[in-house]
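Scroll down for the structure; my scribbles are underneath it.
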Amino acid sequence: MGILDGKAAVVTGAGRGVGKGHCMHLVKNGASVVVNDILLEEAEKVVEELKAMGGNAIASNADISSREGCEGLIQQCCDAFGKIDILVNNAGIVRDKTMLKLEDSDFELVWKIHVMGTFWCSQTAARKMVEQKSGGSIINTTSGAHFGSFGQTNYSAAKGAIASMTYTWAMELAKHGIRVNAIGPLATTHMSATFSDADKMPYFPPENNGPIVCWLCSEEANFVSGQIFGTGGDRISHMVQPHYGKTLIMPGGWDVENIQKQFKTQMQGEFGAFGMLGKPYPFHGGVHPPANDD
Ligand SMILES: NC(=O)c1ccc[n+]([C@@H]2O[C@H](COP(=O)([O-])OP(=O)(O)OC[C@H]3O[C@@H](n4cnc5c(N)ncnc54)[C@H](O)[C@@H]3O)[C@@H](O)[C@H]2O)c1
């Protein structure tokens, strides 16, 4: 008996890395899985491994950067397994450049795969779940990069959008019994090999992100929705939802003079850990134009 016995799942971008790990754990816990990856051969290899474990799995090479690709993928799950209960939006790419050098095409590609792909797959799956009256579980994939990550305008924007969609969908879909959560994984993969500090990182097994995904998709987690967890390595970390912090009140509203008088003393101390790596706030001394050497 597994906690996901009888459930039908789709995992996008699952031909390798984090998504492949999710599939291994979903099957181990009783789910039937559609292993999606634009790299068909990789998806097929994963299916073979899952079948060798005694699992029920099929491959899909749908491109989730188009609405048709996403709709076809969810339909494939319904055709093969009669329904969809679980969607894990995991597929992703990076095209890292600092903001000053970033081309529109690299922004659009990253946005389309991460944000639109997550939206199209989730909308199609949620509509099926509503029709089925079965409830369901959607797991999105964000990243600490959405706190701010040097060289990742496109990726951090996409991951921030995914976090925001997670909160919104949790509110909208609860009445249909659909829960929506997200993870920010940590794993040694093709993608992590592109990180600037890749050579200094210890090995993080991609499959370590799978157990929490399975548990979140199970009935055991029926009280968890709209939550994001940092996963991977040996940790599960609650990614705290952004919220208003210290608030200054000026009856009748603030004017520039009062802001000038109070801001530095009352607000500057609030500027804490900054960016994905949580470094101390680096701008206390001011941000200045470069010195003119002429
Ligand atoms: N590895 C990490 O430490 C890390 C950290 C934070 C977030 N993430 C996120 O985890 C997810 C998985 O990343 P990974 O590290 O396993 O990378 P990966 O490159 O190993 O796997 C991503 C997979 O997505 C597939 N894919 C890309 N575009 C696709 C498309 N249009 N349609 C279908 N499949 C497509 C790729 O072919 C690839 O197999 C991504 O969303 C990534 O942003 C990873």
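The values are calculated or read from the model by the stated rules, or taken from the named source; none is laboratory data. The structure displayed is predicted, hence computed values, not measured ones. Cβ atoms come from the backbone with ideal geometry, glycine included; neighbour counts cover every protein chain shown.
If you go through the range 73-93 and keep only what is surrounded by fewer than 20 Cβ atoms within 10 Å (Cβ to Cβ) and over 21 Å from the mean Cα position of the chain (by Cα), you end up with Gln75, Gln76, Cys78, Asp79, Ala80, Gly82, Lys83.
Answer yes or no: is there a residue in the range 172-180 that is in contact with a helix residue (DSSP H, G or I) (Cβ under 7 Å, 6 or more places away or on another chain), under 30 Å from Leu100 (Cβ atoms) and in a strand (DSSP E or B). For the range 172-180, residues in contact with a helix residue (DSSP H, G or I) (Cβ under 7 Å, 6 or more places away or on another chain), under 30 Å from Leu100 (Cβ atoms) and in a strand (DSSP E or B): absent.
Taking the listed residues Lys7, Lys28, Lys45, Lys51, the one that is of a type in the set (Lys, Arg) and either under 22 Å from Thr124 (Cβ atoms) or crowded, with 24+ Cβ neighbours inside 10 Å (or both) is Lys7, with no other qualifying. Restricting the first residue to the range 74-91 and requiring it to be among the small types (Gly, Ala, Ser), which pairs with a second residue that is within 13 Å of the ligand (Cβ to nearest atom) and part of a strand (DSSP E or B) meet a Cβ separation below 9 Å and a spacing of at least six or different chains? Short answer, once both residue conditions are applied: Ala80/Val34; Ala91/Val11; Ala91/Asn36; Ala91/Thr141. Per the listing Pro211, Pro185, the residue uniquely within 11 Å of the ligand (Cβ to nearest atom), of a type outside the set (Ser, Thr, Tyr) and at pLDDT 95 or above is Pro185. Output the residue which, of all residues in the range 245-277 that are free of Cβ contacts under 8 Å to residues at least 24 places away in the same chain and small (Gly, Ala, Ser), is farthest from Ser156 (Cα to Cα). Going through the qualifying residues, I end up with Gly252. Residues of the range 1-50 that are assigned to a loop (DSSP other than H, G, I, E, B) and either more than 15 Å from the ligand (Cβ to nearest atom) or aromatic (Phe, Trp, Tyr) (or both): Met1, Gly2, Ile3, Leu4, Asp5, Gly6, Lys7, Asn29, Gly30, Ala31. For Asp79, state whether it is away from the ligand (no atom under 12 Å from the Cβ) and either touching an Asp or Glu at 6+ places or on another chain (Cβ under 8 Å) or at pLDDT 95 or above (or both). So Asp79 passes the test.
Could you tell me how many of the residues in the range 94-113 are more than 13 Å from the ligand (Cβ to nearest atom), assigned to a helix (DSSP H, G or I) and surrounded by 15 or more Cβ atoms within 10 Å (Cβ to Cβ)? Qualifying residue count for the region: 2.
Contact map, the range 1-24: first residue among the charged types (D, E, K, R), second residue assigned to a helix (DSSP H, G or I) and within 8 Å of the ligand (Cβ to nearest atom), Cβ cut-off under 6 Å, separation 6 or more or different chains; pairs are Arg16/Glu42.
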